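In what follows, a structure is listed as structure tokens, so that the remarks can point back to it.
We did not get these values from a lab; they are worked out from the coordinates using the rules stated. For clarity, every value in this text was computed on a predicted model and none was experimentally measured. Here the Cβ positions follow ideal geometry from the backbone for every residue, glycine too, while neighbour counts run over all protein chains shown.
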Amino acid sequence: MPHPINSHLKIFYCWIHLRKQEGGIYQFNNQFIQFIRHAMDHLKKKYKDIYLLRNERIFKIYRFSDGRAIEPDFVLFLTEKKTKRALSLQLFVEPKGQHLIKSDQWKEDFLKEIEDHFEILGLFETDKYRLVGLPFYNEVLKKQEFQKEFKEILNIKL
């Protein structure tokens, strides 16, 4: 059963529990989690029901052009506080090591296409949904690009 590890940021790890480690995938994921933790005060001003799901082979999304699959490492779920119709956002996030940015460029391209090519119709009349893919998160090479998109999409200041 998933469990939260922080009372303010509900991070759910399914299948694995990340521990603080210095190298490999854990390092990149932990850097992203720290980014979200630092953004929480700003997120809580505008959003409620903030959940960060660690996707460890739970689901895949498929590229529109050729059906190639990606398993985004994280999905950030948020619901706007002050709207007539509840606006729920799902942001697909992929922390990426520098050594993989070039070879996985197709994944980042796909994530950036999601909002333009996908729309949820008629789920609930009282609610609106927005699916968004973000650029790769990399602390050294792509943090500024990620942060800019993150702030624009969520309409927050960091």
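Here are the numbers for this structure:
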quantity: Set of aspartates and glutamates with alpha-carbon distance to K157 below 14 Å, sequence-local pairs under 8 removed; calculated: D41, E149
quantity: Links that overshoot a 30 Å alpha carbon limit, given the list K102/K128; K44/K128; K44/K102; K102/K151; calculated: K102/K128; K44/K102
quantity: Within-10-Å neighbourhood charge of F28 [Cβ basis; K, R +1; D, E -1]; calculated: -2
quantity: Gyration tensor (alpha-carbon) shape descriptor, the range 44-98, a/c threshold 1.5; calculated: prolate
quantity: Partner aspartates and glutamates for K82 [C-alpha distance under 15 Å; skip if fewer than 8 residues away on the same chain]; calculated: D49, D127
quantity: Residues K128 and Q27, FRET efficiency given R0 of 25 Å [Cβ-Cβ distance, rounded to 0.05]; calculated: 0.10
quantity: N155-E56 pseudo-label distance in nm [points 7 Å out on the Cα-to-Cβ vector]; calculated: 3.6 nm
quantity: Estimated inter-spin distance, Q144 and S65, nm [label 7 Å along Cα→Cβ]; calculated: 2.7 nm
